[in-house]
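Trainee: Take this structure, written in structure tokens, and hold onto it; I'll ask about it next.
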Amino acid sequence: MRFTQITIRNMRRSPTLTDHIREVSEKLETQYPRITNCRVAVEAEGHQQRGRDYLASVAVRLPGREIVANRHPGKDPYVALRDAFDAVRHQLEAPSAGFTQENARHTAARRPGAASRPAAA
């Protein structure tokens, strides 16, 4: 990963939060080395006296593709970040699994008893 852009809105920038974001994004990069860029935004909504909700957004760029995950309000910015990074990981894993309808048909045809079923068109 070339760099991680971190945006914090409506709250003080915390070195702990920033370090956490960098750690998680670096870990993501080691798992998926094709990532070229990562943008992370954390935003506080609401009033501090009544309790704040935190929104997290993570966008990663790969060659020819961008994946974005936004997480709705939560009471803890770390939980919102965890959920957003988990959603990105889930999207990154989906195409790497290579699971398509055609692969599903071939896999089903190899199962015992599948020969008696007609192949789907």
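The values are calculated or read from the model by the stated rules, or taken from the named source; none is laboratory data. None of the values given here were measured: they were computed from a predicted structure. Glycine gets a Cβ as well: all are built from the backbone with ideal geometry, and neighbour counts include every protein chain shown.
Trainee: Among the residues of segment 42-53, which ones are surrounded by fewer than 17 Cβ atoms within 10 Å (Cβ to Cβ) and not basic (Lys, Arg)?
Mentor: If the condition is that a residue be surrounded by fewer than 17 Cβ atoms within 10 Å (Cβ to Cβ) and not basic (Lys, Arg), then Glu45, Gly46, His47, Gln48, Gln49, Gly51, Asp53 are the ones that fit.
Trainee: Another one. Among the residues of segment 29-42, which ones are at pLDDT 95 or above and either more than 14 Å from the chain's Cα centre (by Cα) or among the aliphatic types (A, V, I, L, M) (or both)?
Mentor: Answer for segment 29-42, where residues must be at pLDDT 95 or above and either more than 14 Å from the chain's Cα centre (by Cα) or among the aliphatic types (A, V, I, L, M) (or both): Val40, Ala41, Val42.
Trainee: Which residues, taken from segment 18-58, are assigned to a loop (DSSP other than H, G, I, E, B) and out of contact with any helix residue (DSSP H, G or I) (no Cβ under 7 Å at 6 or more places or on another chain)?
Mentor: Once the filter is applied, which keeps residues that are assigned to a loop (DSSP other than H, G, I, E, B) and out of contact with any helix residue (DSSP H, G or I) (no Cβ under 7 Å at 6 or more places or on another chain), segment 18-58 yields Pro33, Arg34, Thr36, Gly46, His47, Gln48, Gln49, Arg50, Gly51, Arg52.
Trainee: Any idea which of (1) modelled with pLDDT under 95; (2) within 18 Å of Arg9 (Cα to Cα); (3) β-branched (Val, Ile, Thr) is the one Thr107 doesn't satisfy?
Mentor: Every condition holds for Thr107 apart from (2).
Trainee: Could you run through segment 1-17 and say how many residues are surrounded by fewer than 17 Cβ atoms within 10 Å (Cβ to Cβ) and in a strand (DSSP E or B)?
Mentor: The qualifying residues number 4.
Trainee: Every residue in segment 51-82 that is farther than 20 Å from Asn37 by Cβ and either within 8 Å of the chain's Cα centre (by Cα) or not charged (D, E, K, R) (or both), please.
Mentor: Gly51, Tyr54, Leu55, His72, Pro73, Gly74, Pro77, Tyr78, Val79, Ala80
Trainee: Would you confirm, using the coordinates I've provided, whether Ala41 is in contact with a His (Cβ under 9 Å, 6 or more places away or on another chain) and either more than 15 Å from Ala87 (Cβ to Cβ) or of a type in the set (A, V, I, L, M) (or both)?
Mentor: no
Trainee: Same structure again: Could you list, ordered by first residue, the pairs with Cβ atoms under 6 Å in which the first is in segment 7-26 and touching a residue at least 12 places away in the same chain (Cβ under 8 Å) and the second is part of a helix (DSSP H, G or I), at least 6 apart or interchain?
Mentor: These pairs meet every condition: Val24/Phe85.
Trainee: For the structure I just gave you, tell me whether Ala44 is in contact with a Lys or Arg (Cβ under 6 Å, 6 or more places away or on another chain), farther than 14 Å from Val88 by Cβ and aliphatic (A, V, I, L, M).
Mentor: It is true that Ala44 is in contact with a Lys or Arg (Cβ under 6 Å, 6 or more places away or on another chain), farther than 14 Å from Val88 by Cβ and aliphatic (A, V, I, L, M).
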